[in-house]
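Engineer: Handing you a structure now.
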Amino acid sequence: MMLIRYLSQIGRYFLMLKEIFNKQTKWSVMRNLIFKEIDDLIIGSLGIVAFISFFVGGVVSIQTALNLTNPLIPKYLIGFATRQSVILEFAPTFISVIMAGKMGSFITSSIGTMRVTEQIDALEVMGVNSLNYLVFPKIIALLLYPFVIGISMFLGILGGWIAGVYGGFTSSAEFINGAQMEFIPFHITYAFIKTIIFAMLLATIPSFHGYYMKGGALEVGKASTVSFVWTSVSIILFNYILTQLLLGS
């Protein structure tokens, strides 16, 4: 019974994706909606992303330095390990899970509140495709999400450099040498491919939970929690699949 319920939810999710791109809202209205979503979802997330990235990069650098107890292991490995951790996993995946909490709960609660207060029904009565009106601007806004992750990568490595150099664990030249060592440009491509997929999940899964919720104000809170859980699960699952496909050769 549980399996059938999950399968019906997944089916409904894909039908929702199809409906989003039907019967477009006119551009003059859509343009303002897109700019509003960029402000809410992208610009509004830069502060927390910058703060977390900087300090986690510093922690990765310090943890690596503290574990290099053997004097024969070169210090430039601190820069190398910081770069690899930040670019491959921390910036794209860890930040996306945090954004599932920040963006996801915001999207679910805002659309859920519209459902509870019958604003979505009003849009339908006016002949507007409510899914296109509400979800499509979020998808377009989150195409800028790789820009947020790019900032996260830069600040993570910068935080690692500051913590490593000013904490007395390594010299600036050694850290930068390690950060540049054996750099594979495809790792950046891999990180941004993941980021685009995660952006789609961040825009659509919370929207799905908000749009199809039933009940009152209490259920809006429950829907936000459920949407965070399922968005996080999807991100972790797709992270595994994409890593296996793109790097597991």
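The values are calculated or read from the model by the stated rules, or taken from the named source; none is laboratory data. Here the structure is a predicted model, which means the values were calculated and not measured. Here the Cβ positions follow ideal geometry from the backbone for every residue, glycine too, while neighbour counts run over all protein chains shown. Just so you know, the surface numbers come from the protein's heavy atoms only, side chains and all, with ligands and any DNA or RNA stripped out. Shrake-Rupley method; radii C 1.70, N 1.55, O 1.52, S 1.80 Å.
Engineer: Highest GNM mean-square fluctuation, the chain, Cα pairs closer than 10 Å: which of 224, 28, 53?
Structural biologist: Top of the fluctuation ranking is 28.
Engineer: As a test question: what accessible area, to the nearest 10 Å², does residue 94 have when a 1.4 Å probe is rolled over all protein chains in place?
Structural biologist: Surface accessible to solvent at residue 94 totals approximately 100 Å².
Engineer: Let me ask something else about it. Taking square-rooted eigenvalues a ≥ b ≥ c of the alpha carbon gyration tensor, is the stretch 6-66 rounded, prolate or oblate, where a/c under 1.5 means rounded and, failing that, a/b exceeding b/c means prolate?
Structural biologist: oblate
Engineer: What nm distance separates the two modelled labels at residue 222 and residue 17, each placed 7 Å from Cα along Cα→Cβ?
Structural biologist: 2.7 nm
Engineer: What is the diffusion coefficient of the stretch 57-118 in µm²/s, taking the Kirkwood radius over Cα pairs and the Stokes-Einstein relation at 25 °C with a viscosity of 0.890 mPa s?
Structural biologist: Answer from the Stokes-Einstein relation: 171 µm²/s.
Engineer: Let me ask you something else. For residue 36, tell me the accessible area in Å² from a 1.4 Å probe, rounded to the nearest 10.
Structural biologist: We get 110 Å² for residue 36.
Engineer: Hey, how many Å between the Cα centroid of the stretch 211-249 and the Cα centroid of the stretch 85-125?
Structural biologist: For the stretch 211-249 versus the stretch 85-125, the Cα centre distance is 10 Å.
Engineer: I've got another one for you. Take the alpha carbon gyration tensor of the chain, find the square roots of its eigenvalues, order them as a ≥ b ≥ c, and report rounded if a/c is under 1.5; if not, report prolate when a/b exceeds b/c, else oblate.
Structural biologist: Here the chain falls in the prolate category.
Engineer: Arrange the residues 27, 161, 230 by how much accessible surface each exposes, largest first, with a 1.4 angstrom probe.
Structural biologist: 27, 230, 161
Engineer: A further question follows. Just how large is the dipole of the chain about the Cα centre, in debye to the nearest 20, putting +1 at every Lys and Arg Cβ and -1 at every Asp and Glu Cβ?
Structural biologist: Here the size comes out at about 340 debye.
Engineer: If you build a Gaussian network model of the chain, linking Cα atoms that sit under 10 Å apart, which residue out of 145, 166, 211 swings the most?
Structural biologist: Per the Cα network of the chain with a 10 Å cutoff, 166 tops the list.
Engineer: With springs only between Cα atoms under 10 Å, which of 181, 200, 99 fluctuates most in a Gaussian network model of the chain?
Structural biologist: 181
Engineer: Could you tell me how far the Cα centroid of the stretch 128-148 sits from the Cα centroid of the stretch 1-46, in Å?
Structural biologist: What the calculation gives is 6 Å, centre to centre.
Engineer: Under a crude label model (7 Å from the Cα following the beta-carbon direction), how far is residue 233 from residue 69 in nanometres?
Structural biologist: Label at residue 233, label at residue 69, 4.1 nm between them.
Engineer: Give me the net charge for the shell around residue 243: Cβ to Cβ below 13 angstrom, other residues only, Lys and Arg +1, Asp and Glu -1.
Structural biologist: Summing Lys/Arg as +1 and Asp/Glu as -1 gives 0.
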